[in-house]
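Have a look at the structure below before the remarks.
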């Protein structure tokens, strides 16, 4: 498998549409096959554009197929407490991973694993010490995937419509 990772910028409308399509396809697939409702409504394009301004949004491209097959977003959260030195603050940096999705027709090919490995290397190179993500408590496949990637459930929290687990991994 030959894949590359491309950052999506706020003015790249064609790429933003690709992110939208992957998230929409995943939501429909999870609802249809697993009865999961958390991504049933498509994530709005205007929200993806906003995310491109505030976070780092990526697409994973399969070079053999010349298609985008995965997307994810990284939100860098810095510890800004006055009591920590600059070196200590760097050690406590966290990245929240969100909207991690592989196109349903491309699942089972190791794309999610390769994408998570990219995220870990990318974040380590930026001095990040921990990854965090929320996962719907009913998303058994996603929970299993994240556990296999070394994440552990650290807490549970409610959202407007359902509960999510907070999963974390130390880098």
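For the stretch 145-171, what are the residues that are modelled with pLDDT of 95 or more and over 23 Å from residue 117 (Cα atoms)? First the steps, then the outcome.
Of the residues in the stretch 145-171, the ones modelled with pLDDT of 95 or more are 145-156, 165-170.
Across the stretch 145-171, the qualifying residues are 155, 156.
Within the stretch 123-171, the set of residues being touching a helix residue (DSSP H, G or I) at 6+ places or on another chain (Cβ under 6 Å) and in contact (Cβ under 8 Å) with a residue 40 or more places away in the chain comprises 129, 171. Candidates in the stretch 115-133 are the residues that are surrounded by fewer than 18 Cβ atoms within 10 Å (Cβ to Cβ) and in contact with a strand residue (DSSP E or B) (Cβ under 6 Å, 6 or more places away or on another chain); of these, the one that is farthest from residue 154 (Cα to Cα) is 118. So in the stretch 94-114, with the set limited to residues that are in a strand (DSSP E or B) and surrounded by fewer than 20 Cβ atoms within 10 Å (Cβ to Cβ), which one is farthest from the chain's Cα centre (by Cα)? My answer is 94. Run residue 10 past the list (1) crowded, with 17+ Cβ neighbours inside 10 Å; (2) at pLDDT 95 or above; (3) touching a helix residue (DSSP H, G or I) at 6+ places or on another chain (Cβ under 6 Å) and report the number of the one that doesn't hold. So residue 10 meets the others, but not (1). A residue that is within 23 Å of residue 162 (Cβ to Cβ) and at pLDDT 95 or above occurs somewhere in the stretch 34-49. Among the residues of the stretch 13-29, those identified as more than 16 Å from the chain's Cα centre (by Cα) and more than 13 Å from residue 61 (Cβ to Cβ) are 13, 17, 28, 29. Against the numbered list (1) buried (at least 18 other Cβ atoms within 10 Å of the Cβ); (2) part of a helix (DSSP H, G or I); (3) touching a strand residue (DSSP E or B) at 6+ places or on another chain (Cβ under 7 Å); (4) at pLDDT 95 or above, residue 142 comes up short only at (4). For the stretch 76-90, the criterion of being at positive phi and either modelled with pLDDT of 95 or more or over 14 Å from the mean Cα position of the chain (by Cα) (or both) is satisfied by no residue at all.
Could you list all residues from the stretch 30-39 that are in a loop (DSSP other than H, G, I, E, B), over 16 Å from the mean Cα position of the chain (by Cα) and surrounded by 13 or more Cβ atoms within 10 Å (Cβ to Cβ)? Correct list: 36, 37. Taking every residue in the stretch 53-69 that is part of a helix (DSSP H, G or I) and pairing it with any residue that is at pLDDT 95 or above and surrounded by 18 or more Cβ atoms within 10 Å (Cβ to Cβ), at least 6 positions away or on another chain, yields no pair with a Cβ-Cβ distance below 9 Å.
What residue, among those in the stretch 145-171 that are in a helix (DSSP H, G or I) and out of contact with any strand residue (DSSP E or B) (no Cβ under 7 Å at 6 or more places or on another chain), is surrounded by the fewest Cβ atoms within 10 Å (Cβ to Cβ)? Give the steps one after another, and end with the answer.
Residues of the stretch 145-171 in a helix (DSSP H, G or I): 145-148.
If we keep only those that are out of contact with any strand residue (DSSP E or B) (no Cβ under 7 Å at 6 or more places or on another chain) too, we end up with 145, 147-148.
Values: 145: 18, 147: 14, 148: 11.
In this case the residue turns out to be 148.
The values are calculated or read from the model by the stated rules, or taken from the named source; none is laboratory data. Just so we're clear, the structure is a prediction, and the values are computed from it rather than from any experiment. As a convention, Cβ positions derive from the backbone with ideal geometry for all residues, glycine included, and neighbour counts pool all protein chains shown.
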